[in-house]
1. Residue by residue through the stretch 44-68, note down the ones that are within 16 Å of Ala93 (Cα to Cα) and without any contact (Cβ under 8 Å) to a residue 40 or more places away in the chain.
2. Could you figure out which of (1) exposed (fewer than 11 other Cβ atoms within 10 Å of the Cβ); (2) free of Cβ contacts under 8 Å to residues at least 24 places away in the same chain; (3) in a loop (DSSP other than H, G, I, E, B) isn't true of Lys23?
3. Determine which member of the set Leu35, Leu92 is under 18 Å from the mean Cα position of the chain (by Cα), not in a loop (DSSP other than H, G, I, E, B) and not hydroxyl-bearing (Ser, Thr, Tyr).
4. Tally the residues that are touching a residue at least 24 places away in the same chain (Cβ under 8 Å), in contact with a Phe, Trp or Tyr (Cβ under 8 Å, 6 or more places away or on another chain) and outside any loop (DSSP other than H, G, I, E, B), restricting the search to the stretch 1-20.
Amino acid sequence: MHPWSTQMSGRFEEHVFQSDVLKNNPLGDPSARPLWVYLPPGYDDEPERRYPTIYQIQGMTGQLDMWRNRTAFRKNFPELADELFARKEAPLALLSGLIAGPHMAGVSL
């Protein structure tokens, strides 16, 4: 484990969502958008279980990989949520990160 990383109890799945609505849009934005989903600890143990979902939408100047950014001496949101779930201090939930801002607003995918 690197000193700049954290061993998580859950895991991330990284997907690319293809939007038919964004195809050939007037701004020329990409129709393929990244979608990251955090699956909490024990997710695979109960395949029929349903989980609430927390959506984190990056704003006009953000991009999805900023979800993993840290400030000095502080873990990022997914790491903090993972710790709460692992310690059973919060109900298990899915975390979903996506980009909502247009390419023309400074967001490049």
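The values are calculated or read from the model by the stated rules, or taken from the named source; none is laboratory data. As the structure is a computational prediction, the values presented were derived from the model and not from experiment. Glycine gets a Cβ as well: all are built from the backbone with ideal geometry, and neighbour counts include every protein chain shown.
1. Asp44, Asp45, Glu46, Pro47, Glu48, Arg49, Arg50
2. (1)
3. Details: Leu92 fails: not in a loop (DSSP other than H, G, I, E, B).
None of the others qualify; the one that does is Leu35.
4. The qualifying residues number 3.
Residue by residue, here is whether (1) of a type in the set (Asp, Glu); (2) closer than 18 Å to Glu14 by Cβ; (3) surrounded by fewer than 15 Cβ atoms within 10 Å (Cβ to Cβ); (4) at pLDDT 85 or above holds:
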position	(1), (2), (3), (4)
Leu27	no, no, yes, no
Val37	no, yes, no, yes
Pro41	no, no, no, yes
Ile57	no, yes, yes, no
Asp65	yes, yes, yes, no
Ala86	no, no, no, yes
Leu98	no, yes, no, no
